[in-house]
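Trainee: Once you've had a glance at the structure underneath, I'll fire off some questions.
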Amino acid sequence: MRSTGLREYERKRDFARTPEPRGRRAKPARRKAKELRAAGAALQFVVQQHAARNMHWDFRLELDGVLKSWAIPKGPSLVAGERRMAAQTEDHPLEYAGFEGVIPKGEYGGGTVVVWDRGFWQPIGDPRRGLASGKLDFTLAGEKLRGRWHLVRMRKGERARASWLLIKGRDAHAQPASAGSVVESETRSVLTGRGLDEVARDADRTWSSRTGERGGRAVGAPGDPAALSGARRTPLARQVAPQLATLVDAPPEGPEWLHEIKLDGYRMLGRIERDSARLVTRNGLDWTDRFADLAAELAALPARSALLDGEVVVFDREGRTSFQALQGALGRKSSADAVHFAAFDCLHLDGCDVRAAPLVERKQLFARTPEPRGRRAKPARRKAKELRAAGAALQFVVQQHAARNMHWDFRLELDGVLKSWAIPKGPSLVAGERRMAAQTEDHPLEYAGFEGVIPKGEYGGGTVVVWDRGFWQPIGDPRRGLASGKLDFTLAGEKLRGRWHLVRMRKGEGARASWLLIKGRDAHAQPASAGSVVESETRSVLTGRGLDEVARDADRTWSSRTGERGGRAVGAPGDPAALSGARRTPLARQVAPQLATLVDAPPEGPEWLHEIKLDGYRMLGRIERDSARLVTRNGLDWTDRFADLAAELAALPARSALLDGEVVVFDREGRTSFQALQGALGRKSSADAVHFAAFDCLHLDGCDVRAAPLVERKQLLRALLSRAPGGGRLRMSEHVIGRGAEFYAAACARGVEGTVAKRVDAPYRSGRSRAWLKIRCSKRQEFVIAGFTEPRGSRSALGALLLGAHDEKGALHYCGKVGTGFDAATLKRLRAALAPLQRARSALADPPRMRGVHWVTPRLVAEVSFTEWTADRRIRHPVFLGLREDKPARDVRIEVEQPVARSAPAAVGNVVAGVTLSSPDRVYFPDAGITKRELAAYYEAVAQRALPGLANRPLTLLRCPEGIEGACFYQKHANESVPDAVARVRVRGDKQPYAMVNDVAALISLVQIGALELHVWGARADHLERPDLIVFDIDPDPALPFARVVETALALRTYLSDLGLAAFARATGGKGLHVVAPLVRRATWDEVRDFSKGVAQDLVRIAPNRFTAVMSKAQRKGKIYIDWVRNTREATAVASYSTRARPGAPVALPIAWDELASLSAPLHESVREAPRRLAMPDPWAEFEASRRPLTAAARKRVGKG
């Protein structure tokens, strides 16, 4: 089928006369926007200067097998925001992109055509939707045009004749208006270097609208070696002598010459073949061992075979090559990363000898970039070369499957399906160890994210866990490998990495062939003594659950007839839009990092993952507009300090990104060292030892993913870093799920600073929280330098540093002095830095009595390790580690280890108490990272205690469907938004029913709709006109100490006791308290209201300076408001064990009177801490047995009888 656009193209041309191509390619299948984005680098664009009746520039974008085309009278502009009129014209065939020549006079468009620019384009969003809506955003990667661009339709004309504007986006590739017009300064062809006059004179190629091109040869898509002039299919030559230059006294002139900087290094040929690479000198010597890292990066290029000509060099800070620096780098391991291979020619690529092709065409081969692969239901088969280029985007998954027999399903994405094998014993990391693998039927791509239960009786019935997942890359043609019975590939997963082989033993009928899965011999292989990886690593890489937990939750099921039921399909690794809670938004201008809370022990359970605590500078890596910046935790731009790291970040395949991590230096044992990092700063020879270890991804390609669970963000980060180009200085901070104590012990034995524990289900929230915990192996922290002493003996510069830290009110207190950990150079630098800060008096609130101290303005921060704190808050056995330039002195506080909170039972599924949660990872309490799933688990845990105070009572709900940072509203009527599991109760005088909770399923259903506070009536449904409790809310002026609140509650308890009523206390989760008296159901609402009002007024009469019974805040100053209004009909009070819609997810908790008397501050326990009270006696256990009638005598005592 021809496109409508090509029919218009053909109608206008006489192909017997014009050399233009006829357009013989059929229209390919339309691809989805996500696939186009993934494959964007393989879509070509071309700009052709066209001297027809009127000079113009034809701007063409490849889409759906044709070139979408616009005529731009003035040509493109590189000035950001400058608009250029673009008249949309008919679609052109793809082969037109390579046409440069003459269209005969009298033909449509007669005149001279020059390929002014060409390269690749990448749509931002869905390009078809953009064209239809009149706003197409995209990026260009050409010789002259680069960066972000926009096409905006002004009016929609008939057929193709719409008027558009072409506008350059604001980015690093934009130029100021003062730079002049690019179409005037850049006038020559990017193909041949000719101008219009020379092309017209040569007339070597002509184009006819009826017959296509005559003369010359069409130029293929960039990066295709077979399309080059003179290219021939042949194996890679065994030996090729390099071409050498002749020395002359002056450079030649003219467009037939190109000019390069002469490199100052070792001339080298890079040979790529059989999945490895060698570096060979101009004299045939093999120097691969000398430059092993370079050879490894060459081997990773997307090519079956290649021969590249270039030089091995070292660049200085100004970008110049230096042979002396190269000589110095040889043999020094720390400088190995400074060595580069600068290629300037391509002689052979993928079976094509291209030495006969013109140099300008061979140079264009360097533009070939890997094509990432999107997910398609039934994609066209792609060549092995394409698959190799796209390998990083092919996913694999290993699913542990407890069916009739336990096995591990090993699945590789290929041709739109998952090729599958069942491995009874699971994979082995022992090199050469064979594991039987029975090939099974292909599975759909969406099965890669399935974790749940296949019902009994269904094919494969049993529990499925995603044991591992990631990317795979075929070595060679994967289809040929499958057909021949030998498939070689590499894996980049959480547990399985490196080289692997699948070898067929015998070919069975259909898919039932028997294969062997074998681990290759590489750095990722393990000795047999390490044990079985399937026994040591048993948990899901998606949720951290084991088989038993997944079976218990049964939150997702799969049927061979109907597909998945319940849950949420997990997107392909690396797609930010597929993450829970991801939202399309520009990269935030500033994001404060999340900080960890210091605790005394690692938490346990599969809801926590554990990392090594890095010992470096905390840094956010920002990628935008084709550049990258490194910003400290306090917003300082340190890009200049780590320019090489920023360059590697900028080379990541991302339009925009925000990565959290640390700049570190690794020692020989792989540990990070802050002292080594300090030593590397400022030393050019050590700059390449510095790495960026990333542990979180907050934003990627227009998607803010901070609301997604950490485990999903980790997978996104791994996917991004797996596609990082060479350099090797970007690393991912690895982690384990669960086994916190074991991991901590191993880390400390290895001599690292400590570990960091993070909740797998928590979102990213700026500031310090308990969703991230740090546990130190030895004590260390930052201190402010408050002074120094003079040196003694042989020491120079200074003796010791006097240290301090701030208290909660900001006062600086003395913490001790440090005199070890310095070398001579450090002492000299410190003295120079402290000299201008000297002052006459100490800034310490409690300076020590010492002679010969030089006091300084407290501006510098030192990191110090020590063994313990003494009783008088001094550090023992301190050792200086380095200066912390990334932390201001005013932020230095003494960190005190806190006990690890014992959380509610972990909920990692989507089904709680039989209720399926939609969006279970939605964050309700951002500061604590508490999700809908965790809140449901809390209520399930406390239901037995909570339900007696909730059941059979009308409710008023405070709903926050998007969490406490979203819109919240009160709801008392049970309309259609309230789930059916929640009971209804009719209230006299009200047309609509109220909600009512009678069981745990109803309680969880309220969590499902975002009910974050539950407020109950003072009467039960079976007798709504007879209240069964009285509530007094003790609400203090915020300026009053909490002791006054406690005194009031105790006094009110005594007062009620004198009236014959028992009283119970409840912490509200805020600053006040409830005093609750249970009643026998005899009194009316009016009697209860009048009595409670009388009690409040009597307390005011007794102590008018302490209490008020009036709601007005003006009259509450310096007093406590005795709120009695909650005892009127339809009024409510927060229920026991209900959360409050406030930061930290506090809970309203029953509390014993003796515990209340001991409190010095309000009781604020969150949903993570409150469940531990279930192990204690219930302080309201006697509530029902303590019901008393509200007597006439009692009412009379308060003047209401």
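Trainee: Rounding to the nearest 10 and keeping the result within 0 to 90°, find how far the Cα-based axis of helix 932-950 lies from the longest principal axis of the chain.
Mentor: So the helix axis and the longest Cα principal axis differ by about 10 degrees.
Trainee: DSSP loop GluC sites (Glu not before Pro) in the stretch 446-528 with at most 10 other Cβ atoms within 10 Å of their Cβ, which ones?
Mentor: Sparse-neighbourhood loop GluC sites (Glu not before Pro): E509.
Trainee: Could you tell me how many cubic angstrom of Cα convex hull volume the chain has per residue?
Mentor: Convex hull of Cα atoms, per residue: 239 Å³.
Trainee: Among K779, K262, K817, which comes first, then next, by fewest other beta-carbon atoms within 10 Å?
Mentor: K262, K779, K817
Trainee: Using θ = phi - 60° and the Karplus form 6.51 cos²θ - 1.76 cosθ + 1.60, what ³J(HN,Hα) does each residue of the stretch 530-538 get, whole Hz, x for Gly and Pro?
Mentor: 6, x, 7, 5, 6, 8, 8, 10, 10
Trainee: Starting from the Kirkwood Rh over alpha-carbon pairs, what translational D in µm² s⁻¹ does the stretch 615-732 have by Stokes-Einstein at 25 °C and 0.890 mPa s?
Mentor: Rounded to a whole number, D works out at 171 µm²/s.
Trainee: Scale the Cα Rg of the stretch 899-1032 by the rule-of-thumb value 2.2 N^0.38 Å and send over the ratio, two decimals.
Mentor: 1.08
Trainee: Tell me which residues come under 5 Å, amide H to amide H, from E143 once H is placed; ignore anything under 5 positions away on its chain.
Mentor: Those lying under 5 Å, H to H, from E143 are R118.
Trainee: For the chain, what relative contact order do you get, as a whole percent, if you take Cα pairs closer than 8 Å and at least 6 residues apart?
Mentor: 6
Trainee: Evaluate the Kirkwood expression for the hydrodynamic radius of the stretch 779-891, namely the inverse of the mean inverse distance over all pairs of different C-alpha atoms, and round to one decimal in Å.
Mentor: 14.0
Trainee: For the Cα atoms of the chain, what angle does the longest principal axis make with the long axis of helix 824-834, in degrees from 0 to 90, nearest 10?
Mentor: 70
Trainee: Moving on. Tabulate in residue order the Karplus-calculated ³J(HN,Hα) for the stretch 71-76, using 6.51 cos²θ - 1.76 cosθ + 1.60 with θ = phi - 60°, rounded to whole Hz; enter x for Gly and Pro.
Mentor: For the stretch 71-76, the Karplus-derived couplings read 9, 10, x, 9, x, x Hz, x marking Gly and Pro.
Trainee: Further, regarding this structure: Looking only at Cβ-Cβ distances, which cysteines of the chain have no other cysteine closer than 4.7 Å?
Mentor: Cys with no partner Cβ under 4.7 Å: C346, C352, C697, C703, C815.
Trainee: What 222 nm value per residue comes from the helices of the chain, counting each DSSP H run with n ≥ 4 as -39,500 (n - 2.57) and dividing by all residues, nearest 500 deg cm²/dmol?
Mentor: Calculated at 222 nm, the ellipticity per residue is -4500 deg cm²/dmol.
Trainee: To the nearest 20 debye, what charge dipole does the stretch 234-366 have about its Cα centre, counting +1 at the Cβ of each Lys and Arg and -1 at the Cβ of each Asp and Glu?
Mentor: The calculation lands at about 420 debye.
Trainee: By count of other Cβ within 10 Å, fewest leading, how are V861, V199 ordered?
Mentor: Ranking V861, V199 by Cβ neighbours within 10 Å, fewest first, gives V861, V199.
Trainee: Compute the long axis of helix 1085-1102 from its Cα atoms, compare it with the longest principal axis of the Cα atoms of the chain, and write down the angle in degrees, 0 to 90, nearest 10.
Mentor: Helix 1085-1102 and the main axis of the chain meet at about 80 degrees.
Trainee: For G470, what residues show an amide H to amide H distance below 5 Å, using hydrogens built from the backbone and excluding near sequence neighbours?
Mentor: Amide H to amide H, under 5 Å and 5 or more residues apart or across chains, G470 pairs with F396.
Trainee: Just to check I understand the Karplus step: with θ = phi - 60° and J = 6.51 cos²θ - 1.76 cosθ + 1.60, what whole-Hz values come out for the stretch 398-406, glycine and proline as x?
Mentor: For the stretch 398-406, the Karplus curve yields 10, 10, 6, 10, 8, 9, 4, 10, 5 Hz.
Trainee: Going by amide H atoms built from the backbone, whose H comes under 5 Å of the H on L595, apart from near neighbours?
Mentor: G767, R768, S769
Trainee: Please report the net charge: other residues with Cβ closer than 12 Å to the Cβ of L285, K and R +1, D and E -1.
Mentor: +2
Trainee: Here is a follow-up. Taking the stretch 639-740, which trypsin sites (Lys or Arg not before Pro) meet the DSSP loop condition and have no more than 13 other C-beta atoms within 10 Å?
Mentor: R668, R683
Trainee: List the GluC sites (Glu not before Pro) within the stretch 1147-1198 that DSSP assigns to loop and that have no more than 13 neighbouring Cβ atoms inside 10 Å.
Mentor: Here the GluC sites (Glu not before Pro) that fit, given the DSSP loop and packing criteria, are E1182.
Trainee: Also, I was wondering about something else. Can you give the local net charge around A749? Use residues other than it whose beta-carbon is closer than 14 angstrom to its beta-carbon, Lys and Arg +1, Asp and Glu -1.
Mentor: Net charge around A749: -1.
Bear in mind that the values in this text are calculations on the coordinates, not laboratory data. As the structure is a computational prediction, the values presented were derived from the model and not from experiment. Because the Cβ atoms are built from the backbone with ideal geometry, glycine has one as well, and the counts that use them run over all protein chains shown.
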